[in-house]
Amino acid sequence: MDLRYVTWAEVQGSPEAGYLADIAKAVEDPAVKRICDIGGGANPLISLADAKAAGIEEYVVTDIDAEELAKAPDGYTKVHADAATPWPEGIGSFDLVFSRYVAEHVPDPAAFHRTIFALLRPGGRAMHFFPTLYEPVFVFNKLAPEALTARLLHQAQEGRGEGGDHQKFPAHYRWCRGATKSQLRRLEGVGFTVERYVTVFGHGYFWKAPRLEHLADATNAWLCRRRVAQFGAYAMVTLRRPAAD
Ligand SMILES: C[S@@+](CC[C@H](N)C(=O)[O-])C[C@H]1O[C@@H](n2cnc3c(N)ncnc32)[C@H](O)[C@@H]1O
C-alpha cells in the first residue's frame with residue numbers, strides 16, 4: 001500500500017490537478033476501455049476528445065440529480081442513478097470508476113463503495129477525490145447552516161476565479177478521512193485492496209486573510225510531517241477490486 005502525506009503547498013495549491021493527472025494516466029492504460037464518472041453531473045472529469053484519444057470506448061457519466069446530469073455535454077452515456085444503491089443488471093462492468101467531490105455527499109458510504117465494487121470488473125480500479133474531516137474548515141461546513149456555507153463557498157470560488165458549473169450540495173463527510181487505520185479498514189472491509197492513499201494537509205480557503213493562512217500553513221506542515229491523518233483536508237484514493245474475489 002502506497003501511503004503518502006503531502007501539504008497543500010507541495011501539490012502547488014491544487015491537489016485536484018494531481019488527481020486529474022492520475023486519472024488521465026489511468027485511462028491511457030490500454031486495458032481501460034469502459035469508464036464511469038460517478039456524480040460527474042455538470043462537470044465530467046475528462047473531455048470526450050481526451051477520452052477518445054486515450055482509446056476509451058464508452059464513458060458513462062452518472063448522477064443522482066437529473067438536472068445536473070442534463071448539464072453534461074452530449075456524447076457521454078448518461079445514467080441517472082444513485083451510486084449508493086445497487087445498479088440494474090445489464091449495465092455491464094467498468095475498468096475504471098472515479099469520482100471527485102462526491103463521496104462527502106453520500107449519507108450511506110458503505111453502500112456507495114459496495115455499488116462501485118460491484119460495477120468494477122475483477123482487477124478494475126476506483127479512484128476518488130474528496131475533502132476530509134477533521135480539517136476545521138470542513139468541520140465548519142458540516143455543522144454550519146447550509147445557506148451560510150453556500151454563500152461562503154460562492155465567495156471563495158468567485159475570488160479564486162474557478163471555472164465550471166459549481167452548485168453547493170449538502171455534505172456529510174461519512175467515510176471521508178485521511179489514511180487513518182479505521183478508514184483503511186472500512187475500505188478493505190468492502191473487499192478493495194487499497195493501492196494508494198494520499199492525505200493532503202491544508203487548503204486555499206484563507207486566501208483573503210494572509211496571517212490566518214500563514215498560521216494554518218505552518219500548522220498543516222507540522223501535521224503532515226507527523227502524518228496526523230485525522231486532520232487531513234483532502235484524500236486521493238486508488239482502490240482495486242482484486243482480480244479474483
Ligand atoms: C459537488 S458536485 C461534483 C460534481 C463533479 N464531480 C465535479 O467534480 O465538479 C457533487 C455531485 O455528486 C452528485 N451526487 C451526490 N450524491 C450522489 C449519489 N449518491 N450518486 C450519484 N451522484 C451523486 C450530485 O448530484 C452532484 O452532481
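For the reader, a short list of remarks on this structure follows.
- Evaluated against (1) out of contact with any Pro (no Cβ under 6 Å at 6 or more places or on another chain); (2) modelled with pLDDT of 95 or more; (3) surrounded by 15 or more Cβ atoms within 10 Å (Cβ to Cβ), GLU188 falls short on exactly one condition, (3).
- Failed condition for ILE38, given (1) open to solvent by 20 Å² or more (accessible area, probe 1.4 Å); (2) near the ligand (Cβ under 8 Å from one of its atoms): (1)
- The range 1-35: number of residues that are within 16 Å of the ligand (Cβ to nearest atom) and among the polar types (S, T, N, Q): 1
- Subset of the range 131-171 (residues that are at pLDDT 90 or above and either within 16 Å of the ligand (Cβ to nearest atom) or open to solvent by 50 Å² or more (accessible area, probe 1.4 Å) (or both)): PRO131, THR132, TYR134, PRO136, VAL137, PHE138, PHE140, ASN141, LYS142, LEU143, ALA171
- Of all the numbered requirements in (1) part of a helix (DSSP H, G or I); (2) farther than 18 Å from TYR134 by Cβ, GLY204 misses one, and that requirement is (1).
- Per-region count, the range 2-35, residues in a helix (DSSP H, G or I), open to solvent by 50 Å² or more (accessible area, probe 1.4 Å) and small (Gly, Ala, Ser): 2
- For the range 201-219, a tally of residues being open to solvent by less than 50 Å² (accessible area, probe 1.4 Å) and either more than 16 Å from GLY232 (Cα to Cα) or of a type outside the set (A, V, I, L, M) (or both) returns 5.
The values are calculated or read from the model by the stated rules, or taken from the named source; none is laboratory data. Note that the structure is predicted; figures quoted are calculated from it, not measured. In this analysis, Cβ positions are derived from the backbone assuming ideal geometry, glycine residues included, and neighbour counts consider all displayed protein chains. Heavy atoms of the whole protein, side chains included, go into the accessibility calculation; ligands, DNA and RNA do not. Shrake-Rupley method; radii C 1.70, N 1.55, O 1.52, S 1.80 Å.
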